[in-house]
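Quick note: the coordinates plus some simple rules give every number you see, no bench work behind them. All values reported here derive from a predicted model rather than from experimental measurement. All Cβ positions, even for glycine, are placed from backbone atoms using ideal geometry, and neighbour counts span all protein chains on display.
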Amino acid sequence: MNFFDHKSINARMKIRVIVNLFAKIIFFAAMMFGLFILGVLLYRIVSQGIGYLDLQFLQSLPSRKPEQAGVYTALIGSVLLMAVVAPVSLLLGVATAIYLEEYAKDNRFTAFIKVNISNLAGVPSIVFGLLGLTVFVRALALGTSVLAAGLTMSLLVLPIIIVAAQEALKAVPASLREASYAMGATKWQTIVRIVLPVAIPGILTGGILALSRAIGETAPLVVLGLPLFLAYLPKSIFDLFTVLPMQIYNWTGRPQEEFHSLAAAGIIVLLILLLFMNFLAVLIRNKFQKRY
Amino acid sequence: MLLILLCFRMGVIELAIQNVNSLSIQKLIEEKKKNHNTAGIIEKFIPMILLLAAVVSVLTTIGTVLTLIFETITFFQTVSILEFLTTKKWYPFSETEGTFGILPLVLGTLKVTFIAIIVSIPIGLTSAIYLSEYATERTRRIIKPILEVLAGIPTIVYGFFALTFVTPLLREIIPGLELFNALSPGIVIGIMITPMIASLSEDALVSVPNSMREGAFALGATKFEVALKVVLPAAISGIISSIVLAISRAIGETMIVAIAGGSTPNVDWNVTNSIQTMTAYIVQVSQGDAGYGTTIYYSIYAVGMTLFIFTLIMNLIAQYISRRFREEYE
Amino acid sequence: MTITLVSPQIEVMKMDSIQEKNIVYQTSQLNLWYGEKHALKNINLDILENEVTAIIGPSGCGKSTYLKILNRMIELVQGVKITGEILYRNRNILDRSYQVEELRTKVGMVFQKPNPFPKSIYENVAYGPKIHGIRDKKVLEQIVEKSLRSAALWDEVKDRLNQNAYSLSGGQQQRLCIARCLAIEPDVILMDEPTSALDPISTLKIEELVKELKKEYSIIIVTHNMQQAARISNKTAFFLNGEVIEFAPTSKIFSNPKDKRTEDYITGRFG
């Protein structure tokens, strides 16, 4: 008795192969379509904004007249914000990661911290704005300052840095730790002299990606009450300020076409900043490629 | 006598420095140990300091929850919880007395999220399958970083794109479309979360061991059949949790809807009208000059609380799925 | 006064030449569990000064586990329970009051795979002295040179001390790890299959080195390679399923084993 009718199998084979080819083409087309849309997005923005992008644009204060307006205050504000976010979030994030990876015992409390961090990563950024508004702006009376916004943003990107630093610490081979312990080194000596130096590229890469998230974030800052229009520079981290995304938001919200072009130019500046940071991250990753 | 002993001891070190062969490292180490009692103290206190840092993340969560709860309670002292949950009208800026029914805002959020999901799932998933099953190693190496960079584009950029490009384009096609509507931000949020779905799903697909594919290929299956009947089912939990996470992102998305969605809370299922989402409402109030302590001020916390609960549920579902159905291949 | 001071020393020296060598490690009634698994069963072993003691046995027999107890590296593994006693120079190392860092300063270790730190050759060797508080540059330079000479690596690396340790070959890396270990002048050196990742020529060099080092150090070496044990060790312990089957002078183990299982293993009937 013959279970297989080879003729019909062969006949179906042709269809199956065609379906396969067809599927491959469709999958590829879908992916390319996605990339195409994103290409259109970038093209639109660049073509609309490039005309307004010059040195004057970078050096001018915002103005009601489109041809005189610039991103100077916003750019300085973004840099100041990063000056607060970078040290605060890196310090807290790396310390937390070291605690979790090197010291924490495998108990419920540790599990709770870990679950908490992954949940924190999923909280919408605007909710962090509400937290910052209540705690930093009002309760601690920091006002709508660089410091209040910086602390809010630090908490927002903290989970990203913690997870990146944890991964980097995990990737340090156990053999290096063992070698250090076997020399009579203490735990902290081993962490500072062996583990951290090896993990630093990974930590930095994660840190830069976290900062690039912070630099483009808008929603929490709106909630904190950052001004859409600010024609002077903050003198210290306790002063009122504005940032690049807020300035873009302001221009986008205006009906006149000229302001939209200004917004596009602002976006180009923001994207170049982000591209530069990503480039830096890749550079660090390549420079310190694993050698052990 | 003591002095002589001391001199002798110094002599040992001196000698050690002069002559390699008589160098006693263990003795040197002994010497140093007496001077370094701080080491033990450091070893003791470092874990505590690190723990304090770790607690900050817990405090952030507690702070967020407490903030939302307290301010929401204050809000419910002027507006009844029943009105908040059941009234179908969100009209807070009335001169005399506002109406606070959350439903229109929730509906606005859901409309946008729904559109985003319809746009992003097909493109995201097919891209993931193409990358993991069909693409060459070289293509993957090029596309993956691009996806990561795209996932990092600030949402304000997408908002600008929605208002200045997608909306005008859609209005050419759909005559009745208002300037502010649900369709355009929905589509753009979909575009925004596509790289996320593609990247996370691809991770899930790639982690399916090759031995499973080989088993099916050896029976004469085509790539399509292997992808659809072997790899996809094996990676389904990872894929679903990536979609749930993307939904959570869409629900919490703010700037795109604030820019292109409008500020008219609606209760219908029409996607061509101006709408308002929960996030957009918070933005609207934050930008306006609703004074501290007014009912409107507290209303953003009640809305924030609702939003927080929605996303928390989504995140918990995603975590549950990926933990409960974690693929064990060994 | 001078006479009374000198005379006991002479006596000690005499006794030394007549009596056996000092005991470094005295293991008695040692048991170890990994969770439920009884991995070491009632181990009793005395290890002597300035000898090479080889530990042989098939995979999973507990030989590496035993080695890791000797400098308490076993503590890095979770869920381990140990009973019994190991005296190192007459002090029980399993006692909680025995500071583990102090023990490891006296007992160095060389691992299966070379594991230099991703630092320069110089920094690798200077690591031990530095963590123990020696910061004087001149002293450090001398220690590095001395250790590298003792590890028979000095001539090969003296011109590139600042290069990354990973620029060395596998065999050189392992000798660097030995030099790193020598830099704190340990009393005992534990070696966990130090040549298993190396080519035959590098293996030979390490073996030569071990023979040289035993003049000044006590060495305990775990090895998979029976010929290696025969070539370099004074005593050999044969482990099987967590038990010491036989412990005797190496020549005796290989020429005239008492236990049938030892004979079977050595003649290659299993393992």
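From Cα pairs below 8 angstrom and at least 6 apart in sequence, can you work out the relative contact order of chain B, rounded to a whole percent?
On the way: 404 pairs, mean separation 71.0, N = 330.
The value is 22 percent.
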FRET efficiency estimate (nearest 0.05) - Cβ-Cβ, residue C:33 to residue A:4, R0 60 angstrom | 0.60
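Tell me, what is the FRET efficiency for residue B:94 and residue B:267 to the nearest 0.05, using R0 = 25 angstrom and their Cβ-Cβ distance as r?
On the way: r = 17 Å, r/R0 = 0.69.
The calculated FRET efficiency here is 0.90.
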Degrees separating the helix B:183-206 axis from the principal Cα axis of chain B, which is the longest one = 40 degrees
Using only Cα atoms, locate the centre of region A:243-266 and the centre of region B:281-295, then give the distance between them in Å, rounded to an integer.
-> 22 Å
Rounded tilt (10° steps) of B:236-252 against the dominant C-alpha axis of chain B = 70 degrees
Modelled label-to-label distance, residue A:283 and residue C:155, 7 Å Cα→beta-carbon offset: nm?
-> 4.5 nm
For region C:172-243, listing trypsin sites (Lys or Arg not before Pro) in a DSSP loop whose Cβ sees at most 15 other Cβ atoms within 10 Å gives C:215
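When the convex hull of the C-alpha atoms of the protein assembly as shown is computed, what volume per residue in Å³ does it have? Intermediate results must be reported in sequence, preceding the final value.
Values: hull volume 224.3 nm³, N = 893.
Roughly 251 Å³ of hull volume per residue.
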Is the shape of chain B rounded, prolate or oblate, going by the alpha carbon gyration tensor and its root eigenvalues a ≥ b ≥ c, with a/c under 1.5 for rounded and a/b larger than b/c for prolate?
-> oblate
Out of C:130, C:37, C:252, a Gaussian network model of chain C with alpha-carbon springs under 10 Å gives the largest mean-square fluctuation to C:37
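Take peptide A:215-224, look around each residue's Cβ out to 10 angstrom, count Cβ atoms belonging to other protein chains, and average those counts. Don't skip to the end; give the middle numbers.
Working: counts 1, 7, 5, 10, 11, 2, 1, 10, 9, 1.
Mean partner-chain Cβ count within 10 Å for A:215-224: 6.
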How far is the Cα center of region B:55-119 from the Cα center of region C:156-220, in Å?
-> 68 Å
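For chain B, what is the calculated [θ] at 222 nm in deg cm²/dmol (nearest 500), taking -39500 (n - 2.57) for each run of four or more DSSP H residues and dividing by its residue count? Each step should come with its number before you reach the end.
Working: 15 runs with 230 residues, N = 330.
Helix-only estimate at 222 nm: -23000 deg cm²/dmol.
Please identify every one of the chymotrypsin sites (Phe, Trp or Tyr not before Pro) in region C:58-101 that sits in a loop by DSSP and has no more than 16 other beta carbons within 10 Å of its own beta carbon. Write out the running numbers ahead of the final one.
On the way: sites: C:66, C:88, C:98; in loops: C:98.
In loop regions of region C:58-101 (DSSP not H, G, I, E or B), the sparsely surrounded chymotrypsin sites (Phe, Trp or Tyr not before Pro) are C:98.
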GluC sites (Glu not before Pro) restricted to region C:216-269 and DSSP loop, no more than 14 other C-beta within 10 Å = C:216
The simple spin-label model distance between residue A:258 and residue B:139, using points 7 Å out along Cα→Cβ, in nm, is 4.8 nm
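On average, how many beta carbons from a partner chain sit within 10 Å of the beta carbon of a residue in B:125-131?
Details: counts 2, 9, 8, 3, 6, 10, 3.
Other-chain Cβ atoms within 10 Å of each residue's Cβ, averaged: 6.
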Shielding of B:221-233 by partner chains, average beta-carbon count, 10 Å = 3
Of the residues C:52, C:80, C:144, which exhibits the maximal mean-square fluctuation in a Gaussian network model of chain C defined by a 10 Å Cα contact cut-off?
-> C:80
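Can you say what percent of the DSSP beta bridges in the protein assembly as shown, counting only those with both residues inside, are antiparallel? Round to 5. Let's see the in-between values first.
On the way: 27 of 44 bridges.
Roughly 60 percent of the DSSP beta bridges within the protein assembly as shown come out antiparallel.
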